[in-house]
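Below is one structure, written out as structure tokens, with a few remarks after it.
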Amino acid sequence: MTLPKRGPGLYVQVLIAIALGVALGAKSPAWGIAMRPLGEAFIKLVKMLIGPIVFLTVTAGIAGMGDLKKAGRVGAKAAIYFEGMTTIALGLGLAIVHIARPGSGMHVTRESLDTAALDKTLSGARPHGVVEHLLAIIPDTFASAFTNGDVLQVLLLGVLTGVALASIGTRARSILALIEQGTTALFAVVGIVMRFAPLGAFGAMAFTIGKYGVSSLGNLARLMGAFYATALIFVFVVLGIVMRALRLSIVRLLVYLREELVIVLGTSSSESALPRLMTKLEDLGAKPEIVRLVVPTGYSFNLDGTCIYLTMAAIFVAQALNVPLSFRDEITLLVVLLLTSKGAAGVTGSGLVTLAATLASTGNIPVAGLTLIIGVDRFMSEARALTNIIGNAVATLVVARWENALDVDHARTMLRARR
């Protein structure tokens, strides 16, 4: 699985576009806001491809193994790792927000909150009850999973189809070959779409700075600072230790994935780099069947950055509104987040929707309190998306190594050669 060759220095182009977007938004907010369609158009182009790519790659990953026991074993190992990292991310976010206490001293009253913007933002929230949340994973029709853009529903269809093809055996070879050809064609389309990444990054960043501006951060700067610090600790300490156990370097991995990370930085969406991430991991020495199963699955079940954000934002709202939370309340919050965080896609704004569903489920913290963070949610989405994609890259390498499906020496050579 390869992507078409592009002009050199895509990450440099995106970095320049981001800088220009920041400059335009700061110099002329009205013009910056007017650039919003550029960012939204690029994200829509990417989202248009995500459903088919997830379906085809997951199907091919499971069916290509030819052994349902192996597919189940890989899935189980991935699930164990995902849950472990999710728990660590949630716990780390909880610990840091209690130490930094960014919401203390705000003394906001519920009556003073304006929920108009919140109602508009959360109009498409997923069902927040446990049973309703699980039922929402099942699409109404096979096609509706793709038209609704629900990654969890597409993932379910991919797993079922892959298992069905694997159970058929050799009779499914022609179908599997067709799926492989379809995947190749889709990745060729991705190569075309990625040419517009600098334009999308420019529009998205210009809009963000133009609409919210640096002055809009105000008292929320402490929350943002604590969140960014926590994300850095998770990447360089937690994931760094995991990579060290694989005898690889987290810093070299970040350099290796620099183009993908810059695209994510500019668009605030980890989905924008999903196809390229899969290609890079295969080139790094992870077997394709592992990559094609673990990466798409991780985009729904291993959102480390989103998990950190969810706990910190929830406790921040409680601190700002002077809502007392007992140890039991916080443990309940973490347990619920273990479920609701699985429904958060890697698209800008999904974290806020998921957080609203979580607060509504627990009932301890007023959902209306989220109006406090709407203005800076967009500024934190970059760190969420970056942490998510890095976490999924490491997760894939871990599962591949666990399955003896990672050429560690080749990976080390590739990482050292990348400058």
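The values are calculated or read from the model by the stated rules, or taken from the named source; none is laboratory data. Since the model is a prediction, treat every value here as computed from it, not as a measurement. A quick note on method: Cβ atoms are made from the backbone with ideal geometry, for glycine too, and the neighbour counts reach across all protein chains shown. For accessibility, only protein heavy atoms count, side chains too; no ligands or nucleic acids. Shrake-Rupley method; radii C 1.70, N 1.55, O 1.52, S 1.80 Å.
Only protein atoms count toward the accessible area here, which uses a 1.4 Å probe; on the stretch 151-272, the carbon and sulfur part of that area reaches 69 percent.
Per residue, the accessible area of the stretch 29-94 comes to 43 Å² when a 1.4 Å probe rolls over the protein heavy atoms. Take 238-248, 308-318, 90-100 and order them by the average number of nearby Cβ atoms within 10 Å per residue, most first; the result is 308-318, 90-100, 238-248.
Ranking R73, R416 by solvent-accessible area of protein heavy atoms (1.4 Å probe, all protein chains present), from largest to smallest, gives R416, R73. Accessible surface ranking for R252, R173, 1.4 angstrom probe, highest first: R173, R252. When the Cα gyration tensor is reduced to axis lengths a ≥ b ≥ c, the ratio a/c is 1.5 or higher for the stretch 166-284, and with a/b not above b/c it is classed as oblate. Taking a ≥ b ≥ c as the square roots of the eigenvalues of the Cα gyration tensor, an a/c ratio of 1.5 or more together with a/b no larger than b/c marks the stretch 150-196 as oblate. Checked against a 22 Å cut-off, the cross-linked pairs K47/K69; K44/K287; K47/K70; K27/K47; K77/K287 give Cα-Cα distances beyond that limit for K47/K69; K44/K287; K47/K70; K27/K47.
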